[in-house]
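Asks: The structure under discussion is supplied below as structure tokens; questions concerning it will follow.
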Amino acid sequence: MWDGQDVSRAGGAGTVAGAIGVLVVDDDFRVARVHRAYVERVDSFRVVGVAGSGEQALSAVEALRPDLLLLDLYLPDVFGLDVIPRLRTAGHDCDVMVVSAAREADAVRGAVRHGVVDYLLKPFDFEDLRGRLERYAVQRGLLRDTVVRGQADVDRVLAAAAMPVPTVPSGSRRLPKGMSAETAGLVERTLREAEGSLSASECARLTGVSRVSARRYLEYFHAVGAAEVSLRYGATGRPERRYRFVGAGAGRGVVSRGGRA
């Protein structure tokens, strides 16, 4: 856990140019270690520190200036949501994503009132968190890059902040590092033409790419709002994730055809 002694080792949000700095806040060091590993696997995100209590989180934010907190609610000293107003009072505008086992309606309503960017229930797997982080990165970029010239621009900013999945104009969406527009277009076309939904394995078989690659592109389309996910439960084992194209509008693709992003 962050104890105020490892600022130089953890680095700050600017350690990697353009990276979104994340502070993981969880009192269970094993869970925190897993969440940290998850975040580090997502392009453009870097963990700048880990805190095990509300007080540690406040000190770490002051020292490390993260862009995003992954905030557990059941902390040993304070309820997690009580950390947020203290951050704002101290002048910190970092975003907060709740990751908690708290299923009470009051906790969810309180999180909304405090302006959290997302609320993810534990336990979750890597793909669940990755999709939400990628969606957050898209929303963050939209809000950062918007130029307000009139009411229409204000409305777009508010819509981007409120929508679970923002809409990005066709042809302007940049793919995450390591993904190509050609493969994205192939997966998109396969998903668009499918009757019903597809699993990653089915998409891989139809496109000729590996199952791992197919799932990554499918999860990307889910993260940016071009696909919805449903779960199919079998007799045994984990449920199968299935994807259905919902698209960016009739006759328009959701990725640029201009080559690798």
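Asks: Just name the residue that is modelled with the lowest pLDDT out of those in the range 39-49 that are open to solvent by 20 Å² or more (accessible area, probe 1.4 Å) and touching a helix residue (DSSP H, G or I) at 6+ places or on another chain (Cβ under 9 Å).
Replies: Within the range 39-49, the match that is modelled with the lowest pLDDT is D43.
Asks: Would you please list the contacts, defined by Cβ atoms under 8 Å and residues six or more apart or on different chains, that run from a residue in the range 135-151 that is open to solvent by less than 30 Å² (accessible area, probe 1.4 Å) to a residue that is at pLDDT below 75 and assigned to a helix (DSSP H, G or I)?
Replies: Qualifying pairs under 8 Å: Q139/A160; Q139/A161.
Asks: Return a yes/no flag: does the range 9-22 have any residue that is among the aliphatic types (A, V, I, L, M), closer than 21 Å to A111 by Cα, modelled with pLDDT of 95 or more and out of contact with any Cys (no Cβ under 6 Å at 6 or more places or on another chain).
Replies: yes
Asks: Here's a follow-up. Is it the case that G259 is at pLDDT below 75 and either assigned to a loop (DSSP other than H, G, I, E, B) or surrounded by 18 or more Cβ atoms within 10 Å (Cβ to Cβ) (or both)?
Replies: yes
Asks: Next question. Which of (1) farther than 24 Å from A19 by Cβ; (2) modelled with pLDDT under 90 does H222 not meet, given it meets every other one?
Replies: Evaluating H222 over (1) farther than 24 Å from A19 by Cβ; (2) modelled with pLDDT under 90 leaves (1) as the failure.
Asks: Could you check D125 against (1) surrounded by 13 or more Cβ atoms within 10 Å (Cβ to Cβ); (2) at pLDDT below 90; (3) of a type in the set (D, E, K, R) and say which number it fails?
Replies: Going through (1) surrounded by 13 or more Cβ atoms within 10 Å (Cβ to Cβ); (2) at pLDDT below 90; (3) of a type in the set (D, E, K, R) one by one, D125 breaks only (1).
Asks: Are any residues in the range 13-38 part of a helix (DSSP H, G or I), surrounded by 22 or more Cβ atoms within 10 Å (Cβ to Cβ) and of a type in the set (V, I, T), and if so, which ones?
Replies: Once the filter is applied, which keeps residues that are part of a helix (DSSP H, G or I), surrounded by 22 or more Cβ atoms within 10 Å (Cβ to Cβ) and of a type in the set (V, I, T), the range 13-38 yields nothing.
Asks: Right, something else. Kindly evaluate D67 against the criterion of being within 16 Å of E134 (Cβ to Cβ), open to solvent by less than 40 Å² (accessible area, probe 1.4 Å) and acidic (D, E).
Replies: Against the criterion (within 16 Å of E134 (Cβ to Cβ), open to solvent by less than 40 Å² (accessible area, probe 1.4 Å) and acidic (D, E)), D67 qualifies.
Asks: Here is a list: R173, R216. Which entry is charged (D, E, K, R), buried (at least 18 other Cβ atoms within 10 Å of the Cβ) and at pLDDT below 75?
Replies: Just a single option satisfies the conditions, and that option is R173.
Asks: If I go through the range 89-122 residue by residue, how many of them are surrounded by 13 or more Cβ atoms within 10 Å (Cβ to Cβ) and not small (G, A, S)?
Replies: The qualifying residues number 16.
Asks: On the given criteria, is L87 under 29 Å from E240 (Cα atoms), in contact with a helix residue (DSSP H, G or I) (Cβ under 7 Å, 6 or more places away or on another chain) and of a type outside the set (G, A, S)?
Replies: no
The values are calculated or read from the model by the stated rules, or taken from the named source; none is laboratory data. From a predicted model like this one, the values you see are computed outputs, not experimental measurements. All Cβ positions, glycine included, derive from the backbone under ideal geometry; neighbour counts span all protein chains shown. The protein model used for the area step is the full one, side chains on, heavy atoms only, and it has no ligands, DNA or RNA in it. Shrake-Rupley method; radii C 1.70, N 1.55, O 1.52, S 1.80 Å.
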